[in-house]
1. Being more than 16 Å from ILE176 (Cα to Cα) and open to solvent by 100 Å² or more (accessible area, probe 1.4 Å) is the filter; apply it to region 23-53 and report the residue that is modelled with the lowest pLDDT.
2. Checking the conditions here, which among SER101, SER131, SER80 is of a type in the set (S, T, N, Q) and under 24 Å from the mean Cα position of the chain (by Cα)?
3. Which residue pairs have Cβ atoms closer than 7 Å, lie 6 or more positions apart in sequence or on different chains, and pair a first residue in region 108-129 that is without any contact (Cβ under 8 Å) to a residue 60 or more places away in the chain with a second residue that is open to solvent by 50 Å² or more (accessible area, probe 1.4 Å) and of a type in the set (Asp, Glu)?
4. If I ask for residues that are in a loop (DSSP other than H, G, I, E, B), over 19 Å from PRO88 (Cβ atoms) and touching a Pro at 6+ places or on another chain (Cβ under 9 Å), which ones from region 49-73 would you list?
5. Residue check, GLY152 against (1) open to solvent by less than 30 Å² (accessible area, probe 1.4 Å); (2) outside any strand (DSSP E or B), all met but one. Which one?
6. Is it the case that region 129-145 has a residue that's of a type outside the set (Phe, Trp, Tyr), within 19 Å of PRO57 (Cα to Cα), in contact with an Asp or Glu (Cβ under 8 Å, 6 or more places away or on another chain) and open to solvent by 10 Å² or more (accessible area, probe 1.4 Å)?
7. Restricted to region 84-128, and to residues that are more than 16 Å from TRP70 (Cα to Cα) and of a type in the set (A, V, I, L, M), which residue is most open to solvent (accessible area, probe 1.4 Å)?
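The values are calculated or read from the model by the stated rules, or taken from the named source; none is laboratory data. Note that this is a predicted model, so its numbers are computed, not measured. Neighbour counts run over all protein chains shown; Cβ positions are idealised from the backbone, glycine included. These accessible areas exclude ligands, DNA and RNA; they are computed on the full protein's heavy atoms, side chains included. Shrake-Rupley method; radii C 1.70, N 1.55, O 1.52, S 1.80 Å.
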Amino acid sequence: HPHSRPRHPGARTMLPLLLLLLPAAHGIVELGYTPALTKSPRLEGLTTTSTFVLEQPRCVFEGYNNADIWLVVALDKAASTFNNTAGPGTPETAFQGFPDSVPAYMTLNATLANYPCPKPAGDITVLRVGSETSCAQDVARPTCNGPLPGPGPYRVKFLALEGSEPVAETAWSAPIMLRTAKSPSSISTMDSGHSAGMIALTTILSILFAILLAGLVAMLVFWGSDSCGGSSTFSKPESVTVRRYNTHHVYDQPSGRL
């Protein structure tokens, strides 16, 4: 009888497999937002040797009122392999293991209330990544927003979790490079060049000062000789002055008699 035929052997395994794939079919909502460094003109130090400043994801996670919004910081080369199901605060995503054993960590958790939309006027809506130093070595704070360990490049994205379930995420940012400290060799090279320039400038100024000093001495000598000659030429006017004083005294005598 045709209805008595046994089913295909693979039919028994298809239904459980479909049931397993059903949650994955929903997937995580990909939001049309790409994190980026802030463009606020009021802020300085957008990137330092261990921090950078991002714009907050305002008006991005609307509708996810019950979600916790996490920032994922990854090495550029490891961003594509980050596991969205890795929970925050676990050894797999702890800051203290970054970047040696942890290629990406999760930090700066917030709720939708922390990112109000639209933003109030005058608010500086930024996040400084890498600003916490006190918890950098504290394994009890795996979600520490600790200083970044090198120049990068890094990529970041925001991930929304409802409980432990990832529900929405942004795109990864463009690579972010931090500033690099000057190496001792470059500093010494610059200092030696700077010193050579200073020596040359000091030499030129010394020569000019010597010329100026010689000219000043010559002028003093000239003025000294000129004043000596002037004392003999003014001897006669002094005698004339005395004679005029005597004449004036003579004119004052009639008034004295009155």
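1. First, pick out the residues of region 23-53 that are more than 16 Å from ILE176 (Cα to Cα): 23-33, 40-44.
Okay, now just the ones that are also open to solvent by 100 Å² or more (accessible area, probe 1.4 Å), so 26, 30, 41-42, 44.
Working: HIS26: 53, GLU30: 96, PRO41: 73, ARG42: 73, GLU44: 73.
Out of the qualifying residues, it is HIS26.
2. Values: SER101 fails: under 24 Å from the mean Cα position of the chain (by Cα); SER80 fails: under 24 Å from the mean Cα position of the chain (by Cα).
When all the criteria are applied, what remains is SER131.
3. ASN109/ASP68; THR111/ASP68; CYS117/GLU62
4. THR49, SER50, THR51, ARG58, CYS59 - these are the residues of region 49-73 that are in a loop (DSSP other than H, G, I, E, B), over 19 Å from PRO88 (Cβ atoms) and touching a Pro at 6+ places or on another chain (Cβ under 9 Å).
5. (1)
6. Checking region 129-145: not a single residue is of a type outside the set (Phe, Trp, Tyr), within 19 Å of PRO57 (Cα to Cα), in contact with an Asp or Glu (Cβ under 8 Å, 6 or more places away or on another chain) and open to solvent by 10 Å² or more (accessible area, probe 1.4 Å).
7. Among residues in region 84-128 that are more than 16 Å from TRP70 (Cα to Cα) and of a type in the set (A, V, I, L, M), the one most open to solvent (accessible area, probe 1.4 Å) is ALA121.
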